[in-house]
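To start, the structure itself, in structure tokens.
The values are calculated or read from the model by the stated rules, or taken from the named source; none is laboratory data. As the structure is a computational prediction, the values presented were derived from the model and not from experiment. Glycine also receives a Cβ, built like all others from the backbone with ideal geometry; neighbour counts cover every protein chain displayed. Just so you know, the surface numbers come from the protein's heavy atoms only, side chains and all, with ligands and any DNA or RNA stripped out. Shrake-Rupley method; radii C 1.70, N 1.55, O 1.52, S 1.80 Å.
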Amino acid sequence: MAVLGTVLGILAVTAATLSADLSLRADEIEITLEPQLTGGFQFVLNNGDERRVYGHIGRTLYSVFVAQDVEGGILVQMGNTNLTVHTVYDERANARGIKMKWDTQDQIRFEDCFTFGSNQWYGGPMQVDQVYPIQNAYQNYSAYVSKEQDNGAIVERYWLNSAGEYIYVHPQVPLFVDYGLIQPNHICFGAQIAAPYSSRRNHTELSYDIWFLPDVKQAHQHAVANYLGKPSGLPDFRMIEHPIWSTWAQYSQNITEERVMEFAREIRANGFNDSQLEIDDLWETCYGSLEVDTNKFPNLTNLVQEIKALGYRVTIWVHPFINSNCDPWYSEALTNGYLVLDEAGTAAANWWNPNGSIPGLVDFTNPTAAEWWYSRVRNLIETYDIDSIKFDAGESSFSPQIPVQNGDIDLHPHNIVDAYVRTCARFGDMIEVRAGFRTQDLPIFVRMVDRDSIWGLNNGLPTIVTTAIQMNLNGYTLVLPDMIGGNGFNLNHAQADLPTKELFIRWMQANTFLPVMQYSFVPWNFDNETVTISKKYTDLHAAYAQEIYAAMRASVEHGTPVTAPLWWLDPRDEEALRIWDEYLLGENILVAPVFTEGATSRDIYLPVGIWFEEGDPERVHEGPIWIRNYAAPIDVLPYFVRQTPVESNTANAPLVSTLLIIFGLLMNILNKF
């Protein structure tokens with residue numbers, strides 16, 4: 001990116017007081033910092049006669065200032081605090097940017113707020129209430145780190161809006177974020193040295209970049225190219241084609257050899273295929289031993305081979321914790337310095353399975369500790385001929401607080417998320433993780449945090465779509481949705497319960513065109529109709545597996561979403577910019593699941609293009625158009641296949657519409673029998 005050049009106008013250069021504005025120009029846009037009596041500066045963009053108040057920066061700072069011009073911008077000094085503002089221009093992308101940086105060695109809190117305005121906003125953290133767009137989301141001022149609370153496993157520092165603007169906050173910032181509470185209809189970025197950020201940092205920094213592009217799609221593509229990155233390869237294809245079957249929701253921790261074998265036989269008896277069968281929590285002698293509990297699994301070697309003889313691959317659940325009552329492994333790790341310590345030197349971590357003890361967390365920022373843990377997991381795989389691993393946890397909040405880590409202190413506490421996930425990724429393309437921070441490049445599935453078995457946007461069924469879009473727009477395009485029907489065990493949730501038949505079917509349908517189908521609650525828990533409908537859409541997912549894989553390949557090549565918002569096809573379509581209950585697979589399949597209990601129809605919006613219902617060219621619609629009261633009885637998932645434009649770039653639109661139309665016709669014929 002080329003710097004625009006020198007500042008064309010500086011209204012205040014020396015000995016400025018609170019009465020003087022600071023201005024700099026980026027081509028036709030003038031940026032003005034207007035000092036405020038309440039503290040800081042009003043951040044104003046002027047374009048000709050148009051004046052736009054973009055935000056209020058330095059809200060906590062009350063001081064006279066001096067300013068001077070520097071190449072491409074200005075330097076403002078307020079006591080021991082420096083603010084630099086630079087303008088930049090990316091000619092190739094026709095993108096204009098502003099680079100902001102506050103820095104001080106004083107123990108103060110920075111606070112910059114920017115208006116949501118009337119735009120739609122996207123990105124931000126994974127949340128329990130995963131609303132989309134996010135300008136009406138709830139985010140109380142809190143540390144912006146990967147955490148168990150509020151499902152915050154994915155918290156990339158990236159926000160995007162419908163006007164083609166985005167903000168990226170740099171990873172070294174001790175960041176706090178607030179939506180709408182500090183200042184109504186604003187997103188506020190705070191920076192301060194407070195828990196969970198290390199008290200041993202020697203400065204406080206708030207630095208971020210703001211970019212302006214012609215539309216939201218171009219803005220996101222620019223962010224992918226310059227900040228987020230894209231996957232470096234593809235995950236295992238069979239995990240896409242056929243379902244994962246997990247023991248978790250069906251059996252919880254009450255797994256035994258007999259129950260796992262029974263589970264495997266039931267799946268086959270009901271005519272379902274698989275990508276793998278997953279032995280979940282609790283197979284260990286104690287948490288962190290990585291030793292098989294022979295009371296539950298007298299002969300795991302034989303069990304694995306029997307399951308494989310039925311055509312399965314076998315995976316097993318693994319986590320990064322060692323509970324203190326799990327010796328000799330805990331003592332070995334503690335003695336050798338393999339556990340994360342807090343600043344007081346204690347190893348008291350936390351997670352959901354302390355089992356009456358004090359857990360420890362393996363310190364993956366210590367290469368020796370990471371290798372010790374890796375070798376033990378590798379030994380488990382090789383001893384029992386396990387095919388791969390479901391890795392759990394990984395959020396930085398599980399560490400003792402405030403954690404001491406290796407590596408650049410300004411990147412704490414996120415170091416451990418990156419280090420853990422990259423250690424897990426060494427086990428190959430069949431693994432899954434559930435946390436990430438700047439790990440979008442890895443060719444592995446990232447799993448959603450558990451959903452609850454309810455209907456609402458409060459961590460229920462619709463959030464498998466809003467969360468999939470959120471993850472994709474943060475650069476995590478290889479998404480593994482949570483189990484069909486939800487967790488079922490979150491009794492802390494006021495509405496928690498086991499899934500009903502209707503919820504299970506609608507969940508399974510909504511999952512059909514997402515990258516992976518994962519069963520744990522099973523269709524035969526309900527009735528034969530549920531089995532029949534589930535088989536229909538599981539087979540439909542398998543039939544489209546190559547198209548899903550092609551969308552993933554496009555993501556590897558171009559950084560495009562696999563599960564995309566509707567505005568991906570037309571970034572200026574006001575309807576598409578706000579729709580949350582539909583999604584695209586790649587660019588040519590639109591899915592409109594039913595998310596309302598008891599509903600047998602729904603309204604569907606089709607953006608620009610020629611659309612065929614279920615790929616049938618005799619049922620055609622030309623978008624943009626609303627279809628009102630589209631019939632969707634319990635056995636129907638509304639979906640549409642777009643006719644690929646002749647001029648379309650096949651690398652960006654990987655589906656072959658003719659094949660899909662033929663497949664749609666075949667499915668319609670088969671469904672009549």
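The criterion of at least 1 residues that are under 30 Å from Ser198 (Cα atoms) and not hydrophobic (A, V, I, L, M, F, W, C) is met by the following helices (runs of 4 or more DSSP H) wholly inside segment 253-347: 329-335. Among the residues making up segment 181-199, those that are among the hydrophobic types (A, V, I, L, M, F, W, C) and open to solvent by 20 Å² or more (accessible area, probe 1.4 Å) are Leu181, Ile182, Ile193, Ala194, Ala195.
Restricting attention to segment 583-596, the residues that are farther than 15 Å from Asn629 by Cα and outside any strand (DSSP E or B) total 3.
Hey, can you tell me all the residues within segment 526-565 that are part of a loop (DSSP other than H, G, I, E, B), touching a residue at least 40 places away in the same chain (Cβ under 8 Å) and on the phi < 0 side of the Ramachandran plot? Tyr544, Thr560, Pro561, Val562, Pro565 - these are the residues of segment 526-565 that are part of a loop (DSSP other than H, G, I, E, B), touching a residue at least 40 places away in the same chain (Cβ under 8 Å) and on the phi < 0 side of the Ramachandran plot.
Selection over segment 43-64 of residues that are farther than 21 Å from Val88 by Cβ, surrounded by 16 or more Cβ atoms within 10 Å (Cβ to Cβ) and touching a Ser or Thr at 6+ places or on another chain (Cβ under 8 Å) gives a count of 2.
Let's see how each residue does on (1) more than 18 Å from Phe272 (Cα to Cα); (2) open to solvent by less than 10 Å² (accessible area, probe 1.4 Å); (3) in contact with a strand residue (DSSP E or B) (Cβ under 9 Å, 6 or more places away or on another chain):
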{"site": "Asp482", "(1), (2), (3)": "yes, yes, yes"}
{"site": "Asn487", "(1), (2), (3)": "yes, no, no"}
{"site": "Pro499", "(1), (2), (3)": "yes, no, no"}
{"site": "Leu503", "(1), (2), (3)": "yes, yes, no"}
{"site": "Val522", "(1), (2), (3)": "no, yes, yes"}
{"site": "Lys535", "(1), (2), (3)": "no, no, no"}
{"site": "Asp539", "(1), (2), (3)": "no, no, no"}
{"site": "Gln546", "(1), (2), (3)": "yes, no, no"}
{"site": "Met552", "(1), (2), (3)": "yes, yes, no"}
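Residues of segment 371-399 that are within 30 Å of Glu205 (Cα to Cα) and surrounded by fewer than 24 Cβ atoms within 10 Å (Cβ to Cβ): Ala393, Ser397. Of the residues in segment 451-473, not one is under 20 Å from Ala550 (Cα atoms) and either part of a loop (DSSP other than H, G, I, E, B) or of a type in the set (Lys, Arg) (or both). The C-beta contact set for segment 583-607 (first residue over 24 Å from Lys501 (Cα atoms), second residue among the basic types (Lys, Arg), distance under 8 angstrom, 6+ apart or interchain) comprises Glu587/Arg642; Asn588/Arg642; Ile589/Arg642; Leu590/Arg642. Return yes or no: is Thr365 over 19 Å from Glu395 (Cβ atoms) and either out of contact with any His (no Cβ under 9 Å at 6 or more places or on another chain) or not aromatic (Phe, Trp, Tyr) (or both)? Spelling it out, it is not the case that Thr365 is over 19 Å from Glu395 (Cβ atoms) and either out of contact with any His (no Cβ under 9 Å at 6 or more places or on another chain) or not aromatic (Phe, Trp, Tyr) (or both). Screening segment 424-440 for residues that are open to solvent by less than 10 Å² (accessible area, probe 1.4 Å) and not in a loop (DSSP other than H, G, I, E, B) and picking the one that is nearest to Ala153 (Cα to Cα) gives Gly436. Residue count for segment 180-197 satisfying the condition of being touching a strand residue (DSSP E or B) at 6+ places or on another chain (Cβ under 8 Å) and either assigned to a loop (DSSP other than H, G, I, E, B) or without any contact (Cβ under 8 Å) to a residue 60 or more places away in the chain (or both): 11.
Per-residue answers, yes or no, for (1) under 14 Å from the mean Cα position of the chain (by Cα); (2) surrounded by fewer than 18 Cβ atoms within 10 Å (Cβ to Cβ); (3) in a loop (DSSP other than H, G, I, E, B); (4) of a type outside the set (D, E, K, R):
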position	(1), (2), (3), (4)
Tyr132	yes, no, yes, yes
Asn136	no, yes, yes, yes
Ser142	no, yes, no, yes
Ser146	yes, no, yes, yes
Asp150	yes, no, no, no
Leu160	no, no, no, yes
Ala163	no, no, yes, yes
Tyr166	no, no, no, yes
Val173	no, no, yes, yes
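Is it the case that some residue within segment 210-220 is in contact with a Gly (Cβ under 6 Å, 6 or more places away or on another chain), open to solvent by less than 10 Å² (accessible area, probe 1.4 Å) and part of a strand (DSSP E or B)? Yes: segment 210-220 contains one or more residues that are in contact with a Gly (Cβ under 6 Å, 6 or more places away or on another chain), open to solvent by less than 10 Å² (accessible area, probe 1.4 Å) and part of a strand (DSSP E or B).
In segment 411-448, the qualifying residues are those that are hydroxyl-bearing (Ser, Thr, Tyr) and in contact with a Phe, Trp or Tyr (Cβ under 6 Å, 6 or more places away or on another chain), and the one that is farthest from Val173 (Cα to Cα) is Thr423.
Looking at Trp580, Trp507, Trp568, just one residue is in contact (Cβ under 8 Å) with a residue 40 or more places away in the chain and closer than 21 Å to Ser275 by Cα, and that residue is Trp507. With respect to Phe263, determine if the residue is surrounded by fewer than 16 Cβ atoms within 10 Å (Cβ to Cβ) and touching a helix residue (DSSP H, G or I) at 6+ places or on another chain (Cβ under 7 Å). The answer is no for Phe263.
For Val608, the conditions (1) surrounded by 19 or more Cβ atoms within 10 Å (Cβ to Cβ); (2) in contact with a helix residue (DSSP H, G or I) (Cβ under 9 Å, 6 or more places away or on another chain); (3) not in a loop (DSSP other than H, G, I, E, B) all hold with the exception of (1).
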